[in-house]
Amino acid sequence: MPLLDHLIELRKRLIYALLGFFLVFFITFYFAKPIFSFLIQPATQDGYKVVVLDIFEFFFVTVKLSAFVSLIVGFPLIAVQVWLFVAPGLYRHEKKAFMPFLIATPFMFYAGCLAMYYVVMPYVINFMLTQYVPPDIEKTLRSSDYLERVLQLVFAFGFAFEVPVLLTLLVRVGIVTTEGLKSKRRYAVVIAFVIAAVLTPRHVVSQLALALPLVAFYGLSIVIGRWVEKKREAEDKKAEEAENKADAAGS
């Protein structure tokens, strides 16, 4: 396709992605109250109160929540639009290679979100409000601060669960090797703790809760990557044998 046609196709895909984002945004904005009530359940079910301290506070909470949910829910649509733009330029075997990663990306991100909400979030709330706050102080959480913490943890754990997908893809296309990943394991551990310190609230519990899965997923990526390398080697060997047979038949 000429450059102008590529730009027209890109504009069409961006328009579809934005339409999907705003459609989910307005739906979420309308149902923001029950969605926010769902998000604060890890706090309210243990007796903690979530309060609003400003006139416009919950309005901005609603806007931020709607944008966040639109990104999460609309992510598969955005990924599909990117795929539809890129796929015509790929060979059949390249499409076949990338398809599992396209499917695994949103699945793993959602798995990270669920793990954060059902496993990590209740533990973090109870630990921080029972270990560091005196029992004679009433424990209330400001709605805007609570949502900010939830968004931080959701994106952090969603990113953590993407690590095996990203590293396996890099191994699949030959950018990195499993031997290289093994040799850099100690650096990966340090980087995992740095990422956890940046992406999570400033306390040890949430940082460990993110850093440890990052390290575990790095090790899992090496195992999966080795399987991918063996499969690719077998495919290359099969293709080489077929080429040799074709050359022998032609001669």
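Every number here is computed from the coordinates shown, using simple stated rules; none is lab data. Please read these numbers as outputs of a predicted model, since none were measured by experiment. Neighbour counts are summed over all protein chains in view; Cβ atoms, including those assigned to glycine, are modelled from backbone coordinates with ideal geometry.
Some notes on this structure:
- Selection from Phe217, Phe109, Met128, by position along the positive dipole direction of the chain (Cβ): Phe217
- Distance between the modelled labels on Arg92 and Gln41, one decimal in nanometres: 4.7 nm (7 Å Cα→Cβ projection).
- Charged neighbours of Val228, selected by a Cβ distance under 12 Å, balance to +2 (K, R count +1; D, E count -1).
- Within straight-line reach of Lys33, meaning a Cα separation under 19 Å, sit the following lysines at least 8 residues removed in sequence or on another chain: Lys49, Lys64.
- Table column - 3J(HN,Hα) (Hz), the range 142-157, Karplus curve with 6.51, -1.76, 1.60, x for Gly and Pro: 6, 4, 5, 5, 4, 5, 4, 5, 4, 5, 4, 5, 5, 5, 5, 6
- In terms of distances greater than 28 angstrom between alpha carbons, the cross-link table entries Lys12/Lys230; Lys12/Lys231; Lys182/Lys245; Lys95/Lys238; Lys95/Lys237 yield Lys12/Lys230; Lys12/Lys231; Lys182/Lys245.
- Dipole magnitude for the range 1-150: about 560 debye, using +1 per Lys or Arg Cβ and -1 per Asp or Glu Cβ, origin at the Cα centre.
- For GluC sites (Glu not before Pro), the sites in the range 115-220 that DSSP calls loop and that have at most 12 other Cβ atoms within 10 Å are Glu138.
- Calculated FRET value between Lys49 and Leu212, using beta carbons and R₀ = 25 Å, to 0.05: 0.20
- The chain - charge dipole about Cα centre, Lys and Arg +1 at Cβ, Asp and Glu -1, debye rounded to 20: 220 debye
- Each residue of the range 161-169 was assigned a 3J(HN,Hα) from its phi angle through the Karplus expression (A = 6.51, B = -1.76, C = 1.60, θ = phi - 60°), giving 6, 7, 4, x, 5, 5, 5, 5, 5 Hz with x at Gly and Pro.
- Toward the positive end of the charge dipole of the chain, with +1 on the Cβ of Lys and Arg and -1 on the Cβ of Asp and Glu, the farthest Cα among Phe56, Gly158, Ile15 is that of Gly158.
- Inverse of mean 1/r across different Cα pairs in the range 107-165, Kirkwood, Å: 12.6 Å
- Dipole of the range 156-210, positive end: most advanced residue of Val173, Leu199, Ala188 [Cβ charges, Cα centre]: Ala188
- Isotropic mean projected area of the C-alpha convex hull, the range 88-197 (nm²): 10.0 nm²
- Amide H partners (placed H, <5 Å) of Val50, local residues excluded: Leu141
- Computed with the Debye formula from one identical point scatterer per Cα of the chain, without solvent, the log10 of I(q)/I(0) at q = 0.14, 0.16, 0.17, 0.18 Å⁻¹ comes to -1.09, -1.25, -1.31, -1.37.
- Coil-residue chymotrypsin sites (Phe, Trp or Tyr not before Pro) of the range 98-145, DSSP, other Cβ within 10 Å capped at 13: Tyr132
- For the range 1-61: span of alpha carbons on each principal axis (Å, largest first): 62, 25, 16
- Lys230/Ile27 FRET efficiency (R0 30 Å; Cβ-Cβ; nearest 0.05): 0.10
- With contributions of -39500 (n - 2.57) from each DSSP H run of at least four residues, the per-residue ellipticity at 222 nm computed over the chain stands at -28000 deg cm²/dmol.
- Annotation for the range 1-61 versus the range 155-190: alpha-carbon center distance of 30 Å.
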